[in-house]
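Inspection log for the structure reproduced underneath, given as structure tokens.
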Amino acid sequence: MRSILMAIGLWLLSTVPSLAQQAAVPTGLSPDGGTTFLQVGRLLADPGTGRILTDKTVVITGGRVVEIRDGFVGEGRVIDLRDAFVLPGLIDSHVHLTSQQSPTGRLDAVTLSTSDRALIGARHARLTLMAGFTTVADLGGANEAVFALRDAIRRGDVIGPRIIASGSSVSIHGGHGDANGYRDEVLHVLSSPSVCSGVDDCMRAVREQVRAGADVIKITATGGVLSNTAAGLGQQFTEAELAAIVEAAHRMGRRVTAHAHGTDGINAFLRAGGDSIEHGTYLDDESIRLMRQSGAWLVPTLMAGDYVARVASGPDNFFTPAQTEKALQAGPLMLDMAGRAHRGGVRIAFGTDSGVSAHGDNAQEFALLVRAGLTPLEAIQTATVNAAEHLGIADQAGRIAPGMPADLIAVRGDPLSDVTVLERVTFVMKGGVVYKSE
């Protein structure tokens, strides 16, 4: 019954759009039934090169780029972006579409259904797409809700970015990723099947996530700021459990990314062969060495650190005492961490942890990356070519090139001079369909 209600709700969302949603999808700009010509004044087609092309026409047929021509050409379906700066659709490697931090968060956990979560996720997905993010990785949402949302967007039933989804995080019993801070009988209801203890049980959790539909495996290698338990931010899985998780995932063709704050958990996960680190607050020189040696990625989620520190130190703090203590401890350290990693040559992919901060504000991460020491171009690379490589979708996202899906955004101004212009996206195309045009 729950799945039926979810399906009905998603269908209603797609067939009875709001006025704003109708206005955001201009008639006749579908990927079917013809060719679209985008006349572009300034084009950053491949952020990896940093080369700006001028006075180009991007030719799109069947939802894909087929050619980039010199000059302003085309007839019939022409979109005039001659006064705009165009670049590939952005990629956020760490979001939580089916939730958002608020004073009612702990109550929501026991009052919102899986169907509620999916429909809330549909709203957040639309906000994210309109902000210029055409692809996201959702890390840690409840399986049924986030996989249904992913598939509904893929079918075209719901407006949103393409989603690469982990579903539920693999976590230890009582750790970050498990339910914490409720009465015992409530904990048993809220606890995820991906919670495990011991090598064999953790291998089971990974395999069940793959069976459920996970595109990537996310684990919680250390404690977390927003879990309601005073368990610190250090390592939670054993080395043997970490090795078993990574082996089980890789044998089934899945990458493994780890929520990790404490140095011990970061380095143990990297030694186990893990593919990427989310957050990385206390990474040290050994962490940087291990990441450079293996090519592992860092997703620094600076917005999350900034947000939790502001809430925890502000007059309207709604965190529990355990959350507040960890937020004040870890939040202020993340900007310096990203700067050290960048100077150390670590590969960085863009990720915000949106759902901690507000959905649709994702592009505010760019300014924080620049504050950490990246150039504007390097910051843009984290959300395009870097994130595409990190997520294993370099042939589908991150660049504008013949054969690639037509995922493009436009802004006024020059983001290579002022990266904050990316917070004001004026045009969004995903798969050849225009979803936003000012």
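Overview of results
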item	result
The stretch 297-348-the stretch 410-427 distance, computed between alpha-carbon centres (Å)	25 Å
Prolate/oblate/rounded label for the chain (Cα gyration tensor, a/c 1.5)	prolate
In order through the stretch 409-421: 3J(HN,Hα) via Karplus (6.51 cos²θ - 1.76 cosθ + 1.60), integer Hz, x for Gly, Pro	10, 9, 9, 8, x, 10, x, 6, 9, 9, 5, 6, 5
Kirkwood Rh, Cα atoms: Rg over Rh of the stretch 61-156	1.13
Sites residue 424 and residue 325 - FRET efficiency at Förster radius 45 Å, r taken between beta-carbons, to 0.05	0.80
For the stretch 429-438, 3J(HN,Hα) per residue [Karplus equation, 6.51 cos²θ - 1.76 cosθ + 1.60, θ = phi - 60°, Hz, x = Gly/Pro]	10, 10, x, x, 9, 7, 9, 8, 8, 9
Net length gained if the chain between residue 395 and residue 292 were fully extended (0.36 nm per residue, minus Cα distance)	34.7 nm
Relative contact order (%) - the stretch 296-382, alpha-carbon pairs under 8 angstrom, separation at least six	40 percent
Backbone HN-Hα couplings from phi across the stretch 40-47 [Karplus 6.51/-1.76/1.60, Hz, Gly and Pro as x]	10, x, 10, 10, 9, 5, 10, x
DSSP loop trypsin sites (Lys or Arg not before Pro) with at most 16 other Cβ within 10 Å excluded, longest remaining stretch of the chain	184-411
Residues with amide H under 5 Å from that of residue 94, placed H, sequence gap 5 or more	137, 352, 353
Part-to-part distance (alpha-carbon centres) for the stretch 201-269 and the stretch 37-78, which is given in Å	42 Å
Fraction of antiparallel bridges per DSSP, the chain only, in percent to nearest 5	45 percent
Cα gyration tensor shape for the stretch 284-438, rounded if a/c is under 1.5, else prolate or oblate	oblate
28 Å Cα-Cα reach of residue 326 towards lysines, excluding residues that sit fewer than 8 places from it in its own chain	218
Long-range amide H partners of residue 176 with built H, under 5 Å	224
Linear extension gain, residue 264 paired with residue 75, 0.36 nm per residue minus alpha-carbon span	62.0 nm
Built amide H within the under 5 Å cut-off of residue 348, gap 5+	298
Inter-label distance for residue 82 and residue 61, nm, one decimal - labels placed 7 Å from Cα along Cα-to-Cβ	2.5 nm
Cα gyration tensor shape for the stretch 248-291, rounded if a/c is under 1.5, else prolate or oblate	prolate
Computed [θ] at 222 nm, deg cm²/dmol, the chain (DSSP H ≥ 4; -39,500 (n - 2.57); rounded to nearest 500)	-11000 deg cm²/dmol
Distance (nanometres) between label positions extended 7 Å along Cα→Cβ at residue 438 and residue 151	3.7 nm
382, 114, ranked by accessible area, largest first (probe 1.4 Å)	114, 382
Relative contact order of the chain, pairs being alpha-carbon contacts under 8 Å that are 6 or more residues apart, as %	19 percent
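The values are calculated or read from the model by the stated rules, or taken from the named source; none is laboratory data. Computed from a predicted model, the values in this text were never measured in an experiment. Glycine gets a Cβ as well: all are built from the backbone with ideal geometry, and neighbour counts include every protein chain shown. These accessible areas exclude ligands, DNA and RNA; they are computed on the full protein's heavy atoms, side chains included. Shrake-Rupley method; radii C 1.70, N 1.55, O 1.52, S 1.80 Å.
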